[in-house]
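Chemist: Sharing a structure below in structure tokens format, with a few things to ask.
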Amino acid sequence: MRMKARFTARTWTRTAGVALLPALLLAATGCGGAADGPGTAPDAKAPASPRATPPPAGSAAPPAPASPKSAASKLERSALEQGDLDGYQISAQGKNPNAPSGQPQADRKACQPLADVMGDKPDPAAKETVNRGVGSQKQVGLAISASVSAYAEADAEHLMDRLRDAVAECGTGFTATVQKQTGSYRDVKPLAYKTGGDENVSWTTTATAAGVSAQVHLVVVRQGATVVRLMALNVADAAKKAQVPQEVADKQLEKIRKAD
């Protein structure tokens, strides 16, 4: 299923102007595939596959290849995938190709945790990160970035402490730079948000770069040694307040628990 027409390459171009919006956000805005449906006829020009020859008697059959599910890492199994949430399109691409890569550097040391969380991973201590883009078909323009990261549990706890301190310290805002692109984050405000994880930090901010501003909501949740990062904005109207849907957060945490 394709996203609505307004979620197009044009949207990519406009939102990419906010250079330091979450680098992982909006992957779902360009979703839509041309995969063959169940009624698609096979290519008549394709040669028929040769019939498999059974192995000689007494020889061991080659092991069956691992299914994608069994071969996937625990973190991959924890990540959202298409079909997990009714009314949402989920992309494994996970990143806007026009967004800069890496970890942004804040102009204020106290605000570095808030700059880090806008990067490719929540902070440099993450061992592995799997990213997804989520586009809502219920709320026009709502796009969410969802990532899961593996940590040493002590590092995950430290990240949450640093984020809480940074939200309290950086209310007036800060600027951050990545790949020579600079943007500002102002009006950093904590926002109450309930999740089923061990602990969470939630806040809103106004991100501005290249003359474009957007309201962004972020939620970071720790479940044991796994960290979930959720970021939302409205790509149809960047000035409109957005919030991470509760059902997206709940489903992500449910998948983490099931993968354990």
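Chemist: Given the conditions (1) at positive phi; (2) buried (at least 23 other Cβ atoms within 10 Å of the Cβ); (3) of a type outside the set (Asp, Glu), and given that Gly211 satisfies all but one, which numbered condition is not satisfied?
Modeler: Gly211 satisfies all of (1) at positive phi; (2) buried (at least 23 other Cβ atoms within 10 Å of the Cβ); (3) of a type outside the set (Asp, Glu) except (2).
Chemist: Right, something else. Search the range 239-254 for residues being within 18 Å of the chain's Cα centre (by Cα) and in contact (Cβ under 8 Å) with a residue 60 or more places away in the chain, and hand back the single one that is farthest from Lys127 (Cα to Cα).
Modeler: So the residue we want is Ala242.
Chemist: Return yes when Asp116 is acidic (Asp, Glu) and surrounded by 21 or more Cβ atoms within 10 Å (Cβ to Cβ) and no when it is not.
Modeler: yes
Chemist: Now for a separate question. Looking at the range 181-237 only, could you name the residues that are part of a strand (DSSP E or B), more than 16 Å from Gly119 (Cα to Cα) and touching an Asp or Glu at 6+ places or on another chain (Cβ under 7 Å)?
Modeler: Once the filter is applied, which keeps residues that are part of a strand (DSSP E or B), more than 16 Å from Gly119 (Cα to Cα) and touching an Asp or Glu at 6+ places or on another chain (Cβ under 7 Å), the range 181-237 yields Thr206, Arg222, Gln223.
Chemist: Oh, and also: Pick out the one residue from Arg257, Arg229, Arg162 that is surrounded by fewer than 21 Cβ atoms within 10 Å (Cβ to Cβ), touching a Pro at 6+ places or on another chain (Cβ under 8 Å) and touching a residue at least 24 places away in the same chain (Cβ under 8 Å).
Modeler: Arg162
Chemist: A follow-up question, please. More than 16 Å from Ala110 (Cα to Cα) and either buried (at least 21 other Cβ atoms within 10 Å of the Cβ) or hydrophobic (A, V, I, L, M, F, W, C) (or both), is that true of Ala168? Show your work before the answer.
Modeler: Details: more than 16 Å from Ala110 (Cα to Cα): no; either buried (at least 21 other Cβ atoms within 10 Å of the Cβ) or hydrophobic (A, V, I, L, M, F, W, C) (or both): yes.
The answer is no for Ala168.
Chemist: Hey, can you tell me all the residues within the range 202-226 that are under 18 Å from Ala126 (Cβ atoms), in contact (Cβ under 8 Å) with a residue 60 or more places away in the chain and of a type in the set (S, T, N, Q)?
Modeler: Once the filter is applied, which keeps residues that are under 18 Å from Ala126 (Cβ atoms), in contact (Cβ under 8 Å) with a residue 60 or more places away in the chain and of a type in the set (S, T, N, Q), the range 202-226 yields only Thr226.
Chemist: While we're on this one: If you scan the range 222-243, which residues turn out to be at pLDDT 95 or above and β-branched (Val, Ile, Thr)?
Modeler: Listed by number, the residues that qualify are Thr226, Val227, Val228.
Chemist: Quick one: how many residues across the range 125-159 are modelled with pLDDT of 95 or more, among the charged types (D, E, K, R) and buried (at least 20 other Cβ atoms within 10 Å of the Cβ)?
Modeler: So the answer is 0.
The values are calculated or read from the model by the stated rules, or taken from the named source; none is laboratory data. Model, not experiment: these values are computed from the prediction. Note that each Cβ is placed from the backbone with ideal geometry, even for glycine, and that neighbours are counted across all protein chains shown.
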